[in-house]
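Colleague: My questions all concern the structure below.
The values are calculated or read from the model by the stated rules, or taken from the named source; none is laboratory data. All figures in this text were calculated on a predicted structure; none of them were measured in a lab. Counting neighbours? That spans all protein chains shown, and the Cβs are built from the backbone with ideal geometry, glycine included. Please note that ligands, DNA and RNA were not included when accessible areas were found on the heavy atoms of the full protein model with its side chains. Shrake-Rupley method; radii C 1.70, N 1.55, O 1.52, S 1.80 Å.
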Amino acid sequence: MFLRRKHSQKDDSDQRDSKVSELRTAIGPLSGRSAKYCTDACLRRYLEARNWNVDKAKKMLEETLKWRLTYKPEEIRWHEVAHEGETGKVSRANFHDHQGRTVLIMRPGMQNTKSAENNIRHLVYLLENAIMNLAEGQEQMSWLIDFTGFSLNTSIPIKVARDIVYILQGHYPERLAVAFLCNPPKIFEAFYKAVKYFLDPKTAQKVKFVYPKNKDSMELMKSYFDVEDLPVEFGGNGTLKYDHEEFSRLMAEDDVKTAKFWGIDDKPYHIANGSGHSAAEL
């Protein structure tokens, strides 16, 4: 039985490798950033998202390549979106989960702007940054969403949420491992019901509602995170403190790495303070 299972796993692996090769042939020759983007791991994620259907994965990938060509997410720099991050509504955590995945912390109650386009651009920047900071061999990230201070005044419009879901599912397939929604208030339930309509079933399964005073919720959180790292807001012993100036410096350093990775000739942009303005501008 053990040998049969081992052979079965090898057959599955061989079949999937074959699908990757098939998809690569189907999309044809690529150059520049598109070629750099389409690694074997990337192709696997698109195939996984489309249940290993090569034709559907090809269509999805081609749409992403077109989107990246026009939106240019790899060219967004922190100083362009820093004003969106002043309250720390989305930031990269200084710890990882048990699998070594990058963790994004989201605090919708800290919403500070009204521009749908800038909100999305800010999130896309941090998605790209989280991916850039994934450990070698790691393809996914985890999200921690803290609903402290959330209200109808701070919630984003359904249309913006729909656009975010479309970008996440359509252009970052299989990047999300799990999303923990911590202590969401009753008013969020109606909002989530509307948003869930746009979620792919596989994505919806990754969304976990957790409550710090609930034993089962805390056991689930402990299975993903070290309690000492996990902020108090999520039932751990850590401290959730956002320093915009320090975070801006980290992002400016990462921007240099991003430019180097994509072969972009960026001019250095020095962050003088957390506002995202350069010394020259000040």
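Listed here are the residues, each with its yes/no results for (1) modelled with pLDDT under 95; (2) open to solvent by 60 Å² or more (accessible area, probe 1.4 Å); (3) within 30 Å of LEU23 (Cα to Cα).
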{"site": "ALA57", "(1), (2), (3)": "no, no, yes"}
{"site": "SER91", "(1), (2), (3)": "no, no, no"}
{"site": "LEU104", "(1), (2), (3)": "no, no, no"}
{"site": "LYS114", "(1), (2), (3)": "yes, yes, no"}
{"site": "GLU117", "(1), (2), (3)": "no, yes, no"}
{"site": "ASN133", "(1), (2), (3)": "no, no, yes"}
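Colleague: Return the only residue of ASP40, ASP97 being of a type in the set (Asp, Glu), within 16 Å of the chain's Cα centre (by Cα) and modelled with pLDDT of 95 or more.
Modeller: Sole residue among the options that is of a type in the set (Asp, Glu), within 16 Å of the chain's Cα centre (by Cα) and modelled with pLDDT of 95 or more: ASP97.
Colleague: Looking at the range 43-56, I want the residues that are farther than 17 Å from ALA177 by Cβ and have a partner that is at pLDDT 95 or above and in a loop (DSSP other than H, G, I, E, B) with Cβ atoms under 6 Å, at least 6 apart or on another chain. Which pairs are those?
Modeller: Final answer for the pair search is LYS56/ARG50.
Colleague: Moving on. Which residue is nearest to the chain's Cα centre (by Cα), if the candidates are limited to the range 207-245 and must be more than 19 Å from HIS96 (Cα to Cα) and either among the charged types (D, E, K, R) or outside any helix (DSSP H, G or I) (or both)?
Modeller: This residue is PHE209.
Colleague: Answer with yes or no whether PHE150 is in contact with a Pro (Cβ under 9 Å, 6 or more places away or on another chain) and modelled with pLDDT under 90.
Modeller: yes
Colleague: Could you grab me the full set of residues in the range 43-81 that are closer than 20 Å to ASP254 by Cβ, in a helix (DSSP H, G or I) and not aliphatic (A, V, I, L, M)?
Modeller: Passing the criteria: ARG68, TYR71, PRO73, GLU74, GLU75, TRP78, HIS79, GLU80.
Colleague: Within the range 135-152, how many residues are open to solvent by 40 Å² or more (accessible area, probe 1.4 Å) and either within 23 Å of VAL210 (Cα to Cα) or of a type in the set (Phe, Trp, Tyr) (or both)?
Modeller: Qualifying residue count, the range 135-152: 4.
Colleague: For the range 31-57, what are the residues that are charged (D, E, K, R) and within 20 Å of GLN15 (Cβ to Cβ)?
Modeller: Once the filter is applied, which keeps residues that are charged (D, E, K, R) and within 20 Å of GLN15 (Cβ to Cβ), the range 31-57 yields ASP40, ARG44, ARG45, GLU48, ARG50, ASP55, LYS56.
Colleague: Going through the range 251-269 one residue at a time, which ones are under 21 Å from the mean Cα position of the chain (by Cα) and touching a residue at least 12 places away in the same chain (Cβ under 8 Å)?
Modeller: Listed by number, the residues that qualify are MET251, ALA252, ASP254, ASP255, VAL256, LYS257, THR258, PHE261, TRP262.
Colleague: Can you report the number of residues in the range 161-191 which are at pLDDT 90 or above and either assigned to a loop (DSSP other than H, G, I, E, B) or open to solvent by less than 40 Å² (accessible area, probe 1.4 Å) (or both)?
Modeller: So the count comes out to 19.
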